[in-house]
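First comes the structure, then the notes that go with it.
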Protein chains: 2
Amino acid sequence: MLDWIDSYDERAWQTTTDGTVRYALLGLGWWTIDVALPAIESSDLGEVTTFVSSSTEKAQRLADENDVDNGISYDEFHDGAASDQYDAVYVGTPNAYHLEYVETAAELDKAVICEKPMESTVERAERLVEACEDANVPLMVAYRMHTDPAVQRAKELIEDGFLGEPVSVHGNNSQPLLEMIPDPGQWRLDPDLSGYGTSVMDLGIYSINTARHLLDRDPVAVQSQMSSHHEAFADVPDERSAAILVLEDDVKMVTTDSQHAQGDTELKITGTKGQIKFQPAFHGEVTLHLSRGDVTVTVDHDTFDAEREMMEEFDYFADRVLTGTPVHADGRHGLTDMRVIEAIHRSAESGDVVEL
Amino acid sequence: MLDWIDSYDERAWQTTTDGTVRYALLGLGWWTIDVALPAIESSDLGEVTTFVSSSTEKAQRLADENDVDNGISYDEFHDGAASDQYDAVYVGTPNAYHLEYVETAAELDKAVICEKPMESTVERAERLVEACEDANVPLMVAYRMHTDPAVQRAKELIEDGFLGEPVSVHGNNSQPLLEMIPDPGQWRLDPDLSGYGTSVMDLGIYSINTARHLLDRDPVAVQSQMSSHHEAFADVPDERSAAILVLEDDVKMVTTDSQHAQGDTELKITGTKGQIKFQPAFHGEVTLHLSRGDVTVTVDHDTFDAEREMMEEFDYFADRVLTGTPVHADGRHGLTDMRVIEAIHRSAESGDVVEL
């Protein structure tokens, strides 16, 4: 137990401490500037050399403010400007813009770390994955839960048989989006930019992907119910969403997601012999609750936040890029989530079970 | 806040402290003997005068051991033996026996408190309700969550607008039944005695009914998935169950239930403005978690257990019987749960949404 606690946040994945990956950051919203940028700057293996934004002026102004060498426009990026100054791109734009920037990055032979969900539709995500495969550049989808210490320890415990046979999963991810970003015209509420909807694409993906990752089981059938009520959600179907996902080996997963609700994150996996619960689960404040028989253990790990989660993720990505070894989660792993999300939307529309 | 804490377990429902309801107890399993009997004995308004069991000998032996006046067989009960010695019956037998005992109790003009689920099928539950209505005897279904202080305070908060608009509900109720009762032939695994199945009938009913009670909204559509794996569950379809229940006003409820899993109970209601969570939720150890904005309040109430919960329920029932006022939950309220459970089973079989 002493060893387990002391090694809780060790990086089991780390294979090198040498080298630097230089990044261009695309999509300079609050997440990229306030979280991704400081995460890379405090990482061991990364540095930010280039900002890419809608205009040269905006990119250069933000580059100056944040002590970054280059600020270029998206047009200049497509033309290969400053491409000798970075080795990899981080794509943090609205979902529907990922494809065009990743296609250019692949042409420029850059490694890609792309925010989730990978794109706005399955078809565009498939093109994104193929662009990277054709150019033979590494593509990682930015599921930062995978390198969170709580998730890593939970995955080890599950592999050691902690749960017995997994039986059920509960996931909830809700937040008051309009209080966080008081703009009813924001891109997450615009299906042309966000994709199939907003709550499952942006929030549900955390429960779905983390459960897949922890249990090493994918959904084989989904059912769902969605509805929108508030006027700001008029163009998206899923202000409120609920789904059943049957995972391989008949594990019964249920999820709810809402962009218009009190903030709450939880992921709970119950097995025949034990239970592993993350509460809170996402957004950089993971607390791990372990129960087996009548013993319950709660593990708090206060030093982690969203920036630290991103730092782990960027160092993992850089480790793999620098050593030329495969990344996980790769594009094919991310495509499964896109197909599951599309199936959840299709099931809500038809009322039918959708098999995957 | 001081007043709120000090009055936390007050009985807002109480209208009398005078009088005694004398009970006959039917179905002398561990729950009746170890929980219901001491609950009535320590209640203000109840006493147990009569035990009813499979044989006169068994009933009399248990009556003697527990200091109860009369021990009679089911046959003697049907013949009206000792019926001047009790005013009400508590029916704690396997589900499929409820109807015949309630029919006799109604003929004998006795008040009835009947364990949940009310019977094994909707059709038999309807006959049970009609028997009591035709005889004009009070019928209460024993949802002991209704008189739990945490549930009462949560219901008051919800009525005061704590949640804003309710958005989603998560319910889980799981237990390792074969570890608790190591008999694969037990009645909860026998559909002739339990009804449609085991996990939803015996465990899911807690999430479903408590959500209905708290939100004052009933399910209008359900979807579900069930499967059985362990050989002891060969005759019931729902060793593992997951369901989506759409409640009135488009509240999205998801539930999982399993009689073959690590023990866990949770009920979580998330609204646009707040969240109310019971964790643990059922079986006499309720802790109430309240969140609104970024404030979270946890209310522990250590003196409650299953026996104390039953005592509250019996005193509530006796209060209503002694004053001749209507009981809640009455038979019609309980019938809704039976119809929901039947619909969940039907949906699992067909794969279709079942409207209610």
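How far apart are the A:Leu2 label points across copies, placing each 7 Å from Cα toward Cβ, in nm, shortest first?
Relative to the other copies, A:Leu2 has label-point distances of 4.9 nm.
Sort A:230-238, B:280-288, B:143-151 for me by packing, meaning the mean count of neighbouring Cβ atoms within 10 Å per residue, highest on top.
B:143-151, B:280-288, A:230-238
Name the nearest-to-axis residue of chain B, judged by Cβ distance to the rotation axis taking chain B onto chain A, and quote that distance in whole Å.
Measuring from each Cβ to the axis, the minimum is at B:Val254, 2.
Go ahead and run the numbers for FRET between B:Glu349 and B:Leu193, Cβ-Cβ distance against an R0 of 22 Å, rounding to 0.05.
Calculated value: 0.60.
Name the residue, out of B:Asp192, B:Asp34, B:Asp202, whose mean-square fluctuation peaks in a Gaussian network model built on chain B with Cα pairs under 10 Å.
Looking only at B:Asp192, B:Asp34, B:Asp202, the largest GNM fluctuation is found for B:Asp34.
Please report the spacing between the Cα centers of the stretch B:230-304 and the stretch A:38-102 in Å, no decimals.
Spelled out, the Cα-based centre of one part sits 45 Å from the other.
One decimal, nm, shortest first: give the distances between the label point of A:Val299 and those of the same position in the other copies, each label point 7 Å from Cα along Cα→Cβ.
Those separations, rounded to one decimal, come out as 3.4 nm.
Among B:Leu214, B:Leu62, B:Leu178, determine the one that fluctuates most according to a GNM of chain B built with springs between C-alpha atoms less than 10 Å apart.
B:Leu178
With helices defined as uninterrupted DSSP H runs, which ones in chain A have an alpha carbon span along their own long axis of at least 18 Å and mean Kyte-Doolittle hydropathy of at least -0.5? Each step should come with its number before you reach the end.
Details: long enough: A:122-135 (20 Å, -0.46); A:306-323 (26 Å, -0.61); A:331-350 (28 Å, -0.55).
The qualifying helices are A:122-135.
Take the alpha carbon gyration tensor of the stretch B:221-326, find the square roots of its eigenvalues, order them as a ≥ b ≥ c, and report rounded if a/c is under 1.5; if not, report prolate when a/b exceeds b/c, else oblate. Don't jump to the answer; show the numbers that get you there.
Details: a/c = 1.61, a/b = 1.20, b/c = 1.33.
It is oblate, given that a/c is not under 1.5 and a/b is not larger than b/c.
Fully extended, how many nm does the chain gain between B:His289 and B:Tyr8 (0.36 nm per residue separation, minus their Cα-Cα distance)? Mind showing how you got there, number by number?
Details: separation 281, 0.36 × 281 = 101.16 nm, distance 1.41 nm.
Result for the pair: 99.7 nm of gain on full extension.
Given B:Lys110/B:Lys252; A:Lys277/B:Lys273; A:Lys155/B:Lys273; A:Lys155/B:Lys277, which pairs have Cα atoms separated by over 31 Å? Could you put the intermediate results ahead of the total?
Values: B:Lys110/B:Lys252 40 Å; A:Lys277/B:Lys273 24 Å; A:Lys155/B:Lys273 34 Å; A:Lys155/B:Lys277 27 Å.
Listed pairs above 31 Å: B:Lys110/B:Lys252; A:Lys155/B:Lys273.
Going 7 Å from Cα along the Cα-Cβ axis for the label, what nanometre distances separate B:Arg332 from the same residue across the other copies?
6.0
Can you compute log10 of I(q)/I(0) for the stretch A:21-143 with the Debye formula, treating each Cα as one identical point scatterer, at q = 0.11, 0.15, 0.18, 0.19 Å⁻¹?
Scattering profile of the stretch A:21-143, log10 relative to I(0): -0.31, -0.59, -0.87, -0.98.
Assuming 0.36 nm per residue, please report the length gained on full extension of the stretch A:Thr15 to A:Ser55 beyond their Cα-Cα distance.
Numbers: separation 40, 0.36 × 40 = 14.40 nm, distance 3.85 nm.
Value of the extension gain: 10.5 nm.
Please compute, for peptide B:260-273, the average count of beta-carbon atoms on other protein chains lying within 10 Å of each residue's beta-carbon.
Details: counts 4, 12, 16, 5, 7, 0, 5, 0, 5, 1, 9, 4, 12, 3.
Across the residues of B:260-273, the mean count of other-chain Cβ atoms within 10 Å is 6.
Residues of B:164-172, mean number of Cβ from any other protein chain within 10 Å of their own Cβ, rounded to a whole number? Before the final figure, lay out the partial values.
Numbers: counts 4, 5, 2, 11, 12, 2, 10, 2, 6.
For peptide B:164-172, the averaged partner shielding equals 6.
Computed from the coordinates by the stated procedures, all read-outs in this text should not be read as laboratory data. Quantities reported herein were computed from a predicted structural model and do not represent experimental measurements. We place every Cβ from the backbone using ideal geometry, glycine too, and count neighbours over all the protein chains shown.
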